[in-house]
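Each remark here refers to the structure printed beneath this line.
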């Protein structure tokens, strides 16, 4: 018996030992599997610092971002979020069979998710937020039966959410925000444990599935900024008893608000703004005692604001503006001690504010009640709201004095009391509102405009807030001189003092307002000269000094403001000089009004420089001489008045080229000759006044002349024409006089035709052999293209032909009548800079010629349409190739493209008669033709450095991330700025990382980031992971040297100091040297190419049919 017992014990011990050994072996095998899966992720990503210790020499559980379980030592958590990673997710990641938590948010992973991830059966939390995944959400997510947290926000997922996902009964949170999803299946209602549902900023349409409102576990529902419609069920709270946040803002919901909102006892946030809700606000809303935020802004709500809202003891933000609410503001609201934001603007609220306002509002920061019908005085007690930062009571009917206790609100940044009936207490000027305003040290916006202040402008600007940016005091019945210390407002952007009774000179100290963009002082009684110091305001865009008593000359130095000045008005003054020639150099001016002065001299031929001007008025002066024919260059001009001058000579026929003209007044001059028949082509002309001149001959009768009456031609005694013009009928010439001119003309034409025929025959004979080998295809050349032809070419500018949109308009693909495919750039004329952009691009592209610049075929300009017809680039933009998952570029292709771009810039900077600065170089402005040859496009904000200038200045901002430091800070434009942008583009091309990526924050810029890795000899950490390969590849060394050289060149181009940057001639030479060296190494190493012996390699890569063709605007 004892022997049997011992035998059994020995057997048991042996089995246990064998099992332990088996488990140990299995554990080692599984750890190896985990290691292989993670190394596959490393191989599929860019080489990043996070992977420094991801190697076979370090235990897996010690790797950065990896957490293992304590018992089995398997990977249970992988967190590589915010790590700057890029690449794709490998299928091997599905082998992490013990993984519970996967977090890769805020990286640049792209492509689709591999099906193998469906094997992660233990996964509870997955966060793929803020990456670049696209396509539909995979249905295999439905097999992750333990999933609790499902976060795919900030990607490019589209289509419907797979219904199978809603079988995951354990789900507690879904966040699909910031995608392109279009539908939510009704099956979502089966998730009985779901607490948080975020699907904001997608493309959802139609009603929300009713099943959503039956999920009693929900605490958060956020469908903000979609296109959802329908009505919210009245019993929503009955089925969502735990709801804490309901945000349906910026959608298309309509109907009344649910009357039973009071049943949502747990509600903290209610966001229903920017919809189409109508009816009144339910009184029972006052029962939501936990609520902190209510937003019903921008709807069609009517009726009074319920008094019961004042019963909400925890309310912090009440946003009811832009509705049709009426009645009084309930006094109970001003007793909510927790309130921080109270926005009631643009309703029909009436009555007055309570006298004790502010006493119970210790936390109020924003109070906006502008655009209502409020009246009475502004209570002095408002100063008790000591945290107030924003106060808007404008556009009401407040009266009485502006209370001086406002100056005790030392945190105030925005103060708007405009368009009321407020005044200033002038009996005690030392203590009125003007005297205490300097106490508001944080004030950036002040608007007292359109109030009958009836006081002297006695503000001491020397002690005023230097943070003040906008000061509106127009139409306030202000008197006296403008204080000379106004020049101390160093941050001022806009100064509006128009429609007052201000007198005295314009202070020369205004020349110190270096940030000023708008100076509006019309309709005062200012005297003296216009100070030259105003010419120091290099950012000035609008200068209005009309309706004063200013004398002397127009300052010639205003011509120095070419980069900024857009609107200039000196009308109705006493100016008595000639118009300085420098004024015609303001090539970006939009509006010019010098009327009603005593200006003398001729109208300069340089007026034709103002190609983007839409309004010019020099009437009621003493201008003399003839109108120059260059006036026809003003193709954007809408209104022109030369009336009441001493102009003479004929009316130029070139007026017909002013194709946008709607109004033309040439009355009360001494014009002679006939009315040009070419004016019949001005199809938009609505107003014409040629009265009181010395014109003769027949009045044209076609085109816009059909709509003109006799008033347009009064007191021109030599005119004849139709009876509607109340002039004598014209006498017809005899047939003899006709033959006198016609016969010689016919003979001359016959002689000319014979000569041309003879020359053509000679040329045909000379070129016969060459012509026999020529294939006749449609050729791209400058030609006239009408708006109608562009309309047909694009099928009515159909969205199916839209290639892209940008800052100034849209680009469409079209096919002209002769079969040529073109890209048609249509400018958005609602944008002020669009006119300038159109003219600049016309000027640059029609004059420069280079194989690497996009070619302009034609332009089309009308009053309501401006477009450019350009060569069509079938391979789209470099940006599309860099970031599309369906395309890839190897090193040589990228290098060739950069050489093309560098060559184009070299021509612009050094090869043209004047240097041209592109000002907005970026990958979306680099287009690729059939052979992948690069062409630089979009010259909408380019600058020509003429007249020996090496620099200029501009207020037009280029694209953030590509702007040279001196451009962004001071508006300085030189060719060195383009060099900087080129350096950034080179870095982006080879790193596949944008200069605006989130990792470049604070003081760390893109170029500094690249330089830091170059200094550490770690180029592999920077460049696109697909370019370099692994160290085992035989061409790895040559690729690394090539990429290092390219990045060193990029850093040299993007040096902080312009003087330290190389020029484009040097850049081209260096890039070509790098290419030659790399080609030799590649050939020596046996690197594969598509070239046959003695043939030139094609640069054209494979392109899939599904690739979206892009075109920069």
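The values are calculated or read from the model by the stated rules, or taken from the named source; none is laboratory data. Just so you know, these numbers come straight off a predicted model, no measurement behind them. Every residue, glycine as well, gets a Cβ built from its backbone with ideal geometry; the counts of neighbours run over all protein chains shown.
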**Asked** Would you say residue 49 is modelled with pLDDT under 90 and touching a helix residue (DSSP H, G or I) at 6+ places or on another chain (Cβ under 7 Å)?
**Response** yes
**Hey, residue 127 touching a strand residue (DSSP E or B) at 6+ places or on another chain (Cβ under 6 Å) and within 28 Å of residue 68 (Cβ to Cβ) or not** = yes
**Item:** Filtered residues of the range 277-289 (kept if under 26 Å from residue 228 (Cβ atoms) and assigned to a loop (DSSP other than H, G, I, E, B))
**Value:** 280, 281, 282, 288
**Prompt:** Do you know which residues across the range 836-886 are at pLDDT below 80, crowded, with 18+ Cβ neighbours inside 10 Å and in a loop (DSSP other than H, G, I, E, B)?
**Reply:** 848, 863
**Message:** Going by what's in this entry, would residue 228 be described as surrounded by 15 or more Cβ atoms within 10 Å (Cβ to Cβ) and modelled with pLDDT of 95 or more?
**Reply:** yes
**Filter result for the condition that a residue is buried (at least 23 other Cβ atoms within 10 Å of the Cβ) and outside any helix (DSSP H, G or I), over 587, 627** = 627
**Prompt:** What tally of residues in the range 542-562 results from selecting those that are under 25 Å from residue 478 (Cα atoms), assigned to a loop (DSSP other than H, G, I, E, B) and in contact with a strand residue (DSSP E or B) (Cβ under 8 Å, 6 or more places away or on another chain)?
**Reply:** 3
**Message:** more than 17 Å from residue 587 (Cα to Cα) and in contact (Cβ under 8 Å) with a residue 12 or more places away in the chain: which single residue out of 634, 647 fits that description?
**Reply:** 647
**Message:** Which residue is nearest to the chain's Cα centre (by Cα), if the candidates are limited to the range 67-81 and must be part of a loop (DSSP other than H, G, I, E, B) and touching a residue at least 40 places away in the same chain (Cβ under 8 Å)?
**Reply:** 81
**Request:** Could you check how many residues of the range 105-126 are crowded, with 20+ Cβ neighbours inside 10 Å and touching a helix residue (DSSP H, G or I) at 6+ places or on another chain (Cβ under 9 Å)?
**Result:** 5
**Prompt:** Take the residues of the range 335-347 that are crowded, with 22+ Cβ neighbours inside 10 Å and closer than 10 Å to residue 360 by Cα: which is farthest from the chain's Cα centre (by Cα)?
**Reply:** 336
**Request:** Give just the number: which of (1) surrounded by fewer than 22 Cβ atoms within 10 Å (Cβ to Cβ); (2) within 22 Å of residue 600 (Cα to Cα); (3) not assigned by TED's automatic domain parsing to the domain that holds residue 712 does residue 652 not satisfy?
**Result:** (3)
**Prompt:** Is it fair to say residue 141 is surrounded by 19 or more Cβ atoms within 10 Å (Cβ to Cβ), in a strand (DSSP E or B) and touching a residue at least 12 places away in the same chain (Cβ under 8 Å)?
**Reply:** no
**Residues satisfying the stated conditions in the range 185-199, i.e. within 31 Å of the chain's Cα centre (by Cα) and not in a strand (DSSP E or B)** = 199
**Prompt:** Quick one: how many residues across the range 667-686 are more than 19 Å from residue 706 (Cα to Cα) and either assigned to a loop (DSSP other than H, G, I, E, B) or in the same structural domain as residue 861 (by TED's automatic domain parsing) (or both)?
**Reply:** 3
**Fill in**
Scanning the range 252-270 residue by residue, those surrounded by fewer than 21 Cβ atoms within 10 Å (Cβ to Cβ) and outside any loop (DSSP other than H, G, I, E, B) turn out to be 252, 254, 255, 256, 262, 263, 269
